[in-house]
Amino acid sequence: MNDQAQSLRRLVSTLEESSSTQASKSRSARIITVSSGKGGVGKSNFTLNFALALKTLGRKVLIFDADIGMANIDVLMGARPRYNLYHLLKGERSIEEIVELGAFGLPFIAGGSGMADLFTLSESDLNYFTSQIEGISEQMDFIIFDTGAGLSKETVKFITAADECLVVTTPEPTAITDAYALIKVVHGMDQDVAFRLVINRVANKQEAQQVTDKISLVARRFLDMEVPLLGHIHDDPHVMQAVKKQVPFSTAFPSCVAARDIQRLAIKYLEVPQIGQKDTLTGIKGFMHRWLKRTR
Ligand SMILES: Nc1ncnc2c1ncn2[C@@H]1O[C@H](COP(=O)(O)OP(=O)(O)O)[C@@H](O)[C@H]1O
Ligand SMILES: [Mg+2]
């Protein structure tokens with residue numbers, strides 16, 4: 001066994017031990033990934049406005065911009081992050097320093113160029129990252145990862161490590177088939193990942209149900225799994241207008257149809273019993289544990 005594998009095993013078993021101690025019974029954020037098969041379907045807008053809606057409902061939410069290629073949560077809020085994950089990974093900054101406060105004091109971490117480095121960390125850097133991310137997790141109810149579209153190895157690792165995955169798609173046939181492909185590949189790697197659908201840019205509620213039925217039918221037949229609908233967001237020109245203003249649409253146009261949809265969806269999200277990873281390690285410890293096992 002090489003050094004790196006050995007140190008990884010040590011870290012994994014530390015996480016397992018500490019999760020059974022009293023300290024870990026303290027609160028730990030639920031880890032959600034927002035993903036899609038196809039790009040440009042509205043993941044980042046959904047992540048941002050969903051997080052704001054949960055915040056309005058009294059929950060503590062942190063956004064982690066984990067889209068390696070096209071990170072842009074900051075742009076959608078008109079924020080200019082000083083630091084990103086890179087500075088944390090290099091040990092140059094603490095987690096408090098890399099967490100930026102965006103619209104309405106919504107905390108977020110800009111992934112930036114650090115994301116690629118996350119996969120090649122030394123043991124001491126990895127320990128530092130794990131302890132820092134656990135620290136912040138105790139102060140949050142939800143950590144939402146906005147992942148890249150599609151099936152890169154990194155994205156799939158994030159999804160399988162999280163407590164659940166919200167899959168965003170539009171009613172376009174290409175977006176639907178790509179969403180299904182994502183679910184299929186992730187499910188093939190880890191049958192415990194729970195998915196829920198967010199159907200974006202619909203003309204009406206029926207259309208959202210039709211898209212859900214299409215995905216559910218194949219998922220049931222070929223994967224023997226359920227992919228329930230979490231909610232839908234109407235196609236609404238206010239979204240693009242808000243993007244141009246670099247203000248979240250639910251803030252810029254609080255009574256527009258998309259903003260009301262997001263609000264309804266967030267309320268439903270909090271109402272439905274939380275599903276997710278069946279193993280005992282949930283929250284950030286479970287996330288790091290599963291993620292590390294897949295990474296090395
Ligand atoms: N509900 C919606 N109604 C109208 N346009 C939308 C909606 N959601 C997203 N869009 C458009 O799609 C673009 C891409 O959205 P974005 O959230 O950046 O997608 P992704 O993160 O999946 O690449 C937005 O800039 C906006 O113009
Ligand atoms: Mg995006």
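The values are calculated or read from the model by the stated rules, or taken from the named source; none is laboratory data. Just so it is clear, the structure is predicted and the values come from calculations on it, not from any experiment. With ideal geometry, Cβ positions are generated from the backbone for all residues, glycine too; neighbour counts draw on all protein chains shown.
The table that follows gives values for the structure above.
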{"read-out": "Answer residue from the range 1-36, given it is assigned to a loop (DSSP other than H, G, I, E, B) and away from ligand 2 (no atom under 13 Å from the Cβ) and is modelled with the highest pLDDT among those", "value": "A29"}
{"read-out": "Unique match (being in a helix (DSSP H, G or I) and within 16 Å of ligand 1 (Cβ to nearest atom)) among L230, L270, L217, L265", "value": "L265"}
{"read-out": "Test: K55 is surrounded by 13 or more Cβ atoms within 10 Å (Cβ to Cβ), within 25 Å of D117 (Cα to Cα) and at pLDDT 95 or above", "value": "no"}
{"read-out": "Matching residues, the range 58-71, being surrounded by 19 or more Cβ atoms within 10 Å (Cβ to Cβ) and more than 16 Å from ligand 1 (Cβ to nearest atom)", "value": "V61, L62"}
{"read-out": "Selection count where residues are buried (at least 20 other Cβ atoms within 10 Å of the Cβ) and not in a loop (DSSP other than H, G, I, E, B), scope the range 143-153", "value": "5"}
{"read-out": "Candidate set: the range 137-158, residues that are of a type in the set (A, V, I, L, M) and under 8 Å from the mean Cα position of the chain (by Cα); chosen: the one farthest from ligand 1 (Cβ to nearest atom)", "value": "I143"}
{"read-out": "Single residue of the range 195-214 satisfying the filter (of a type outside the set (S, T, N, Q) and away from ligand 1 (no atom under 16 Å from the Cβ)) that is surrounded by the most Cβ atoms within 10 Å (Cβ to Cβ)", "value": "F195"}
{"read-out": "Selection count, the range 65-86, where residues are part of a helix (DSSP H, G or I) and farther than 9 Å from G112 by Cα", "value": "5"}
{"read-out": "Residue in the range 185-194 that is buried (at least 18 other Cβ atoms within 10 Å of the Cβ) and either farther than 24 Å from K60 by Cα or within 16 Å of ligand 2 (Cβ to nearest atom) (or both) present", "value": "yes"}
{"read-out": "Verdict on D117 being of a type in the set (D, E), touching a residue at least 24 places away in the same chain (Cβ under 8 Å) and not in a helix (DSSP H, G or I)", "value": "no"}
{"read-out": "Any hit, the range 72-79, residues being surrounded by fewer than 24 Cβ atoms within 10 Å (Cβ to Cβ), farther than 26 Å from H234 by Cβ and away from ligand 2 (no atom under 16 Å from the Cβ)", "value": "no"}
{"read-out": "Criterion (in contact (Cβ under 8 Å) with a residue 12 or more places away in the chain, over 30 Å from R93 (Cβ atoms) and not in a loop (DSSP other than H, G, I, E, B)) met by exactly one of I176, I109", "value": "I176"}
{"read-out": "Candidate set: the range 187-208, residues that are assigned to a helix (DSSP H, G or I) and touching a strand residue (DSSP E or B) at 6+ places or on another chain (Cβ under 7 Å); chosen: the one farthest from R30 (Cα to Cα)", "value": "K205"}
{"read-out": "Test: residue in the range 112-134 that is under 28 Å from S250 (Cβ atoms), in contact with a strand residue (DSSP E or B) (Cβ under 8 Å, 6 or more places away or on another chain) and modelled with pLDDT of 85 or more", "value": "no"}
{"read-out": "Residue pairs meeting the criteria (Cβ under 8 Å; at least 6 apart or on separate chains; first touching a residue at least 40 places away in the same chain (Cβ under 8 Å), in the range 159-171; second basic (K, R) and surrounded by 24 or more Cβ atoms within 10 Å (Cβ to Cβ))", "value": "T160/R290; A161/R290; V168/K43"}
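Listed here are the residues, each with its yes/no results for (1) touching a Leu at 6+ places or on another chain (Cβ under 6 Å); (2) in contact (Cβ under 8 Å) with a residue 60 or more places away in the chain; (3) within 30 Å of L118 (Cβ to Cβ); (4) not acidic (D, E).
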| position | (1), (2), (3), (4) |
| --- | --- |
| A194 | no, yes, yes, yes |
| A203 | no, no, no, yes |
| S216 | no, no, no, yes |
| D224 | no, no, no, no |
| D236 | no, no, no, no |
| Q241 | no, no, no, yes |
